[in-house]
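J.: Supplied in structure tokens, the structure appears directly below.
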Amino acid sequence: MTENIAEARVLAMLAEMLGRHDLSPESSITADAGLDSVSVMDFVLELEDEFDTTIPLDQLSNVRTVRELGEVITRLRQPAPVAASSTGINGHSS
């Protein structure tokens with residue numbers, strides 16, 4: 001998933017939730033969208049359902065804009081890199 005797709009979906013969900021379409025990727029989730037802390041957490045729960053992921057609170061602490069939220073979601077949805085193994089097929093070091 002690209003950041004643009006996540007960002008566009010976050011914007012669409014905010015627009016639907018708020019009944020307004022004047023927000024942009026640079027809009028502040030709290031100041032421009034007018035969400036208080038409880039509304040932000042409700043919205044995060046909706047995002048977790050939509051994107052089938054868990055968004056840890058520590059990932060949200062620095063998020064201010066719709067774009068930043070899209071970046072966090074994209075990062076969380078990327079598959080974890082597979083660590084290279086130094087052991088052979090039978091579990092012994094090569």
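J.: Of all residues in the range 52-86, which are open to solvent by less than 40 Å² (accessible area, probe 1.4 Å) and part of a loop (DSSP other than H, G, I, E, B)?
T.: Matches in the range 52-86: Thr53, Ile55, Val63.
J.: Continuing with the same structure: I'd like the full set of residues that are free of Cβ contacts under 8 Å to residues at least 24 places away in the same chain and closer than 18 Å to Arg64 by Cβ, limited to the range 1-29.
T.: Leu18, Asp22
J.: Might you check whether a residue that is at pLDDT 90 or above, small (Gly, Ala, Ser) and not in a helix (DSSP H, G or I) occurs anywhere in the range 35-42?
T.: no
J.: While we're here: Report whether or not Asp49 is at pLDDT 95 or above and surrounded by fewer than 11 Cβ atoms within 10 Å (Cβ to Cβ).
T.: For Asp49, the condition - at pLDDT 95 or above and surrounded by fewer than 11 Cβ atoms within 10 Å (Cβ to Cβ) - is met.
J.: Conditions: (1) touching a helix residue (DSSP H, G or I) at 6+ places or on another chain (Cβ under 9 Å); (2) assigned to a helix (DSSP H, G or I); (3) at pLDDT 95 or above; (4) exposed (fewer than 13 other Cβ atoms within 10 Å of the Cβ). Asn4 meets all but one. Number of the miss?
T.: Evaluating Asn4 over (1) touching a helix residue (DSSP H, G or I) at 6+ places or on another chain (Cβ under 9 Å); (2) assigned to a helix (DSSP H, G or I); (3) at pLDDT 95 or above; (4) exposed (fewer than 13 other Cβ atoms within 10 Å of the Cβ) leaves (3) as the failure.
J.: Output the residues belonging to the range 12-30 that are open to solvent by less than 60 Å² (accessible area, probe 1.4 Å) and of a type in the set (Val, Ile, Thr).
T.: Within the range 12-30, Ile29 is the sole residue that qualifies.
The values are calculated or read from the model by the stated rules, or taken from the named source; none is laboratory data. These figures come from a predicted structure and were not determined experimentally. FYI the Cβ positions are ideal-geometry reconstructions off the backbone, even for glycines, and counts take in every protein chain you see. Note: accessible area is taken over every heavy atom of the protein model, side chains too, but ligands, DNA and RNA are not part of it. Shrake-Rupley method; radii C 1.70, N 1.55, O 1.52, S 1.80 Å.
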